[in-house]
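Following: one structure in structure tokens, then a few remarks.
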Amino acid sequence: MRKPLIAANWKMFKTPTEAVAFTDAFLPLVASQTHAEIVLCPAMTSLAATLAATKGTHVHIGAQTMDWHDNGAYTGETSPLMLNAIGATHVLIGHSERRQYFNENDTTVNLKLKAALAHGIVPIVCVGEHRKEREEGLTNDVLKLQLSIALEGIDPAAASPLVIAYEPVWAIGTGLTATPEMAEEAHKFIRAEIAAALGHHLAASTRILYGGSVKPDNAAALCSLNDIDGALVGGASLDPASFAQIVINSAA
Ligand code: PGA
């Protein structure tokens, strides 16, 4: 009942020309891969080119962040209305790099989540613990706090597009991956928290992605688990063959 979602987070990589070179190589490799929703999240300056290059295909395009206001004097920001206008359908919210370098916090995540839902953009809300927090046995406490603030005031009736990405911060870009057991345990916990906040029905249909050093060779083991509904991929999504292989392996 939950269609897997495999998303590429290109971070601050790829010019429009490079993005289109990616899609030229990538689209034929995933032409028959309809088991999953595929989303590419380029930098803002490559959104338009990537949208044009994927038009008419089953590949969706998302932004890596957005502001929660419709418009206003917010220099440098991009609004949900602007994403709607160009056809971007998804948005990453609260990625750990946004939290670490750009002052994003659970409160702004909540505002952005509400704005995305209000504007029909699929929100991919990122949560996850730091290494020290895991070592101290605080993983569930961290997830609980992040989710309780992120989901505060969300109307369950309007929240069906919600996607959560569990991204242990210590696994992002490090080559360290949560073991399938660790990931499954965290995903189960996250689903229970969604149930507590928004009800069992929504929790059962919400997709929870794993992120953190997902590669072609670990995608199958992670995605085969009950509570893992796809992946958010950074480094390994920059190469078309590698990302296509992750999409293919996620079906295995
Ligand atoms: P990574 O990044 O796959 O390079 O670890 C994941 C992410 O930041 O979403």
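Matching residues to (1) among the polar types (S, T, N, Q); (2) within 23 Å of Ile38 (Cβ to Cβ); (3) in contact with a helix residue (DSSP H, G or I) (Cβ under 7 Å, 6 or more places away or on another chain):
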{"position": "Ser96", "(1), (2), (3)": "yes, yes, yes"}
{"position": "Asn103", "(1), (2), (3)": "yes, no, no"}
{"position": "Ala118", "(1), (2), (3)": "no, no, no"}
{"position": "Arg131", "(1), (2), (3)": "no, no, yes"}
{"position": "Asn140", "(1), (2), (3)": "yes, no, yes"}
{"position": "Gly173", "(1), (2), (3)": "no, yes, yes"}
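Could you list, in sequence order, the residues of segment 25-59 that are more than 16 Å from the ligand (Cβ to nearest atom) and in contact (Cβ under 8 Å) with a residue 60 or more places away in the chain?
Listed by number, the residues that qualify are Ala25, Phe26, Leu29, Val30, Gln33, His35, Ala36, Glu37.
Could you please find all residues in segment 188-246 being in a loop (DSSP other than H, G, I, E, B) and within 16 Å of the ligand (Cβ to nearest atom)? Outline the logic, then answer.
Let us first name the residues in segment 188-246 that are in a loop (DSSP other than H, G, I, E, B), namely 199, 206, 212-215, 224-229, 234, 238-239.
Those that are in a loop (DSSP other than H, G, I, E, B) and within 16 Å of the ligand (Cβ to nearest atom): Gly212, Ser213, Val214, Lys215, Ile228, Asp229, Gly234, Leu238, Asp239.
Looking at Thr23, Thr65, which is the one that is within 18 Å of Phe243 (Cβ to Cβ) and of a type in the set (Val, Ile, Thr)?
Thr23 is the lone residue from the list that is within 18 Å of Phe243 (Cβ to Cβ) and of a type in the set (Val, Ile, Thr).
Working only within segment 22-40, note down all residues that are touching a helix residue (DSSP H, G or I) at 6+ places or on another chain (Cβ under 9 Å) and buried (at least 16 other Cβ atoms within 10 Å of the Cβ).
Residues satisfying the conditions are Phe22, Thr23, Phe26, Leu27, Val30, Gln33, Ala36, Ile38, Leu40.
Residues in segment 92-99: is at least one within 16 Å of the chain's Cα centre (by Cα), at pLDDT 95 or above, within 16 Å of the ligand (Cβ to nearest atom) and of a type in the set (A, V, I, L, M)? Can you show your working first?
Narrowing segment 92-99 to residues within 16 Å of the chain's Cα centre (by Cα): 92-99.
Narrowing the set further to residues that are at pLDDT 95 or above leaves 92-99.
Right, trim to within 16 Å of the ligand (Cβ to nearest atom) and you get 92-99.
From the residues that got through so far, the ones that are of a type in the set (A, V, I, L, M) too are 92-93.
Yes, segment 92-99 contains a residue that is within 16 Å of the chain's Cα centre (by Cα), at pLDDT 95 or above, within 16 Å of the ligand (Cβ to nearest atom) and of a type in the set (A, V, I, L, M).
Tell me, which residue of segment 41-58 that is among the β-branched types (Val, Ile, Thr) and open to solvent by less than 10 Å² (accessible area, probe 1.4 Å) is nearest to Arg98 (Cα to Cα)?
Thr50
Considering only segment 89-122, state which residues are of a type in the set (A, V, I, L, M) and open to solvent by less than 70 Å² (accessible area, probe 1.4 Å).
Across segment 89-122, the qualifying residues are Val91, Leu92, Ile93, Val109, Leu111, Leu113, Ala115, Ala116, Leu117, Ile121, Val122.
Could you list, in sequence order, all residues of segment 123-158 that are outside any helix (DSSP H, G or I) and buried (at least 21 other Cβ atoms within 10 Å of the Cβ)?
Pro123, Ile124, Val125, Cys126, Val127, Gly128, Glu129, Leu151
Are there any pairs, at least 6 apart or on different chains, whose C-beta atoms fall under 9 Å, with the first in segment 222-248 and open to solvent by 50 Å² or more (accessible area, probe 1.4 Å) and the second within 14 Å of the ligand (Cβ to nearest atom) and outside any loop (DSSP other than H, G, I, E, B), and if so, which?
Gly235/Ser242; Ala241/Pro216; Gln245/Pro216; Gln245/Asp217; Gln245/Ala219; Gln245/Ala236; Ile248/Pro216; Ile248/Ala219
Can you pull out every residue in segment 179-200 that is under 22 Å from Ser213 (Cα atoms), out of contact with any Ser or Thr (no Cβ under 9 Å at 6 or more places or on another chain) and open to solvent by 60 Å² or more (accessible area, probe 1.4 Å)?
Those that are under 22 Å from Ser213 (Cα atoms), out of contact with any Ser or Thr (no Cβ under 9 Å at 6 or more places or on another chain) and open to solvent by 60 Å² or more (accessible area, probe 1.4 Å): Glu181, Lys188.
Out of Ile164, Ile172, I need the residue that is more than 10 Å from the ligand (Cβ to nearest atom) and either open to solvent by less than 40 Å² (accessible area, probe 1.4 Å) or without any contact (Cβ under 8 Å) to a residue 60 or more places away in the chain (or both). Which one?
Every option except Ile164 fails the conditions.
The values are calculated or read from the model by the stated rules, or taken from the named source; none is laboratory data. Just so you know, these numbers come straight off a predicted model, no measurement behind them. Neighbour counts run over all protein chains shown; Cβ positions are idealised from the backbone, glycine included. Protein only, heavy atoms only, side chains kept; ligands, DNA and RNA dropped before computing areas. Shrake-Rupley method; radii C 1.70, N 1.55, O 1.52, S 1.80 Å.
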